[in-house]
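Structure, as structure tokens:
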2 protein chains.
Amino acid sequence: MSDSSPTTNPAARPATAVPGTGGPRSAGTRRAILDAARATFAARGYEQATIRAVAARAGVDASMVMRYFQSKAGLFTAAVTMDLQAVDLRSAPPSDRGEQLVRHFVDRWEDPRQGDDLIAMLRTAATSETVAGQLQAVLSQQIAGPVAAALGDDGAAERAAFIATQLLGLALCRYILRFEPLASLPATAVVAAVAPSVQHYLA
Amino acid sequence: MSDSSPTTNPAARPATAVPGTGGPRSAGTRRAILDAARATFAARGYEQATIRAVAARAGVDASMVMRYFQSKAGLFTAAVTMDLQAVDLRSAPPSDRGEQLVRHFVDRWEDPRQGDDLIAMLRTAATSETVAGQLQAVLSQQIAGPVAAALGDDGAAERAAFIATQLLGLALCRYILRFEPLASLPATAVVAAVAPSVQHYLA
DNA sequence: CATGTTTGCCAACACTTGTTGACAAACGGA
DNA sequence: TCCGTTTGTCAACAAGTGTTGGCAAACATG
């Protein structure tokens, strides 16, 4: 006690909180809010997603969301912060690397957990320069990194950029705009169709 | 006279209005509002673009925007309605059709007039199912049409969908997210790099 | 049990949004 | 000149937003 005001000190952790979750408050509520935020941001985009909608989905009050995360922007950052592991393209023969890269990304998008993060991020990046920068950083690690590691640094940035156009365009049309017949095709067919295009940028 | 209430009847056109513009009010103001709306929607997206911002940019009052176009949605539709002429792929040898298609689209995006329309539409489509449907209709006419005309109907819809992923992904990364080094490359270099990918989907 | 902390809910504030209506100035025809 | 229509401005409304503070219950600790 006498440390500082309890409301503003995130280090004051109650006994019921699970250590290691990173949050100062109830772990269950925090997780419920984060899950609801992910789903809401992914489904409606940043502006359309209201704090009240997130709170309702999580079964708590809107002011709870504010106490757990300090602002809507903070909630978005916390909800969308993910640790994706990058591919190691060197483990595959050069002719298979395009397909490997596409499959890796499609797997991420199809995964309900990580996919919602990416969809929310992509949706928001279209209207927020800040998030666009974050997305570029993620893609730099996810694409430019492995490409440079596998091919060397000459022109890797350009190659990665063009690969990003193909992969983001696929995500946009299939998961956000839901263009038919693309959205209904099985994932394997999509991977098979797009792989040669990415392979071309790698060669 | 005695027809109906003048405020709600769009057919009542004053003598000062220019016939053929399609609008019942002053042609100059209408055009100023439409230009401002295009620029604002393209720059900030649908939700972020406020009627007051459009009005300020056009140099008129916000209520004027409402009287000319009945709602924000109506303004968006009027501002973003464009008539793009589709390519005729049959006029080129099959091996050049990919490049022709890409160049046609990049030319549209780079054109300040039509480009703003498309950027606004793409930005908005990411968060509005209605606009996503409109965009799909435009792309169907711009891509699926020429592809089916050139290659026949077998699998044309799928081919067009994959071509759309590449072309929309390029537009997203270059004109909206402004990823580097992609955004700074000359248009010719972009066309040359992306053309083989589209060509692959055509073959 | 008494106490202080945490959790959660309720109500409200300040602000912005799209939208509407009333009213003054310009303009054109009779 | 007079009058109706049109054009434009001002102020306001109703709804929804993120955000804040206060207050009651739960809960662990002494």
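Structure notes:
- Shielding value for B:175-183 is 6, the average number of Cβ atoms from other chains within 10 Å of each residue's Cβ.
- Buried surface between chains B and A: roughly 3200 Å² of accessible area, summed over both sides, computed with a 1.4 Å probe on protein heavy atoms only.
- Qualifying GluC sites (Glu not before Pro) for region B:84-156 [loop in DSSP, other Cβ within 10 Å: at most 16]: none
- For trypsin sites (Lys or Arg not before Pro), the sites in region B:141-203 that DSSP calls loop and that have at most 16 other Cβ atoms within 10 Å are B:ARG178.
- 1.4 Å probe accessible area per residue over the protein assembly as shown, in Å²: 47
- For region A:142-166, accessible area lost to neighbouring protein chains reaches 20 Å² or more, against the chain alone with a 1.4 Å probe, at A:GLU158, A:ALA161, A:PHE162, A:THR165, A:GLN166.
- Label point distance in nm, A:ASP35-B:ALA43, each placed 7 Å from Cα along Cα→Cβ: 4.3
- Shape annotation for the protein assembly as shown: C-alpha extents along the principal axes are 80, 58, 35 Å, from largest to smallest.
- Nearest-0.05 FRET efficiency for A:ARG113 and B:ASP107, computed from C-beta distance (R0 41 Å): 0.50
- At full extension, B:GLU180 and B:ALA203 could sit 5.3 nm farther apart than now, given 0.36 nm per residue minus the alpha carbon distance.
- For chain A, size of Cβ-based charge dipole, Lys and Arg +1, Asp and Glu -1, in debye: 740
- With all projection directions averaged, the alpha carbon convex hull of region A:89-202 covers 6.9 nm².
- Computed helical MRE - 222 nm, chain A, DSSP H runs ≥ 4 contributing -39500 (n - 2.57), nearest 500: -19000 deg cm²/dmol
- Contact order relative to length of chain A, as percent, for alpha carbon pairs under 8 angstrom and 6 or more apart: 19
- Taking every residue in B:190-200 and counting other chain Cβ atoms within 10 Å of its Cβ, the average works out to 4.
- Chain A residue nearest the rotation axis toward B, with distance: A:GLY169, 1 (Cβ to axis, whole Å).
- Computed from label points 7 Å out along Cα-Cβ, the spacing between B:SER71 and A:GLN85 is 5.0 nm.
The values are calculated or read from the model by the stated rules, or taken from the named source; none is laboratory data. On a predicted model such as this, the values are computed, not experimentally measured, just so you know. Cβ atoms come from the backbone with ideal geometry, glycine included; neighbour counts cover every protein chain shown. What goes into the accessible areas is simple: the full protein's heavy atoms, side chains included, and nothing from ligands, DNA or RNA. Shrake-Rupley method; radii C 1.70, N 1.55, O 1.52, S 1.80 Å.
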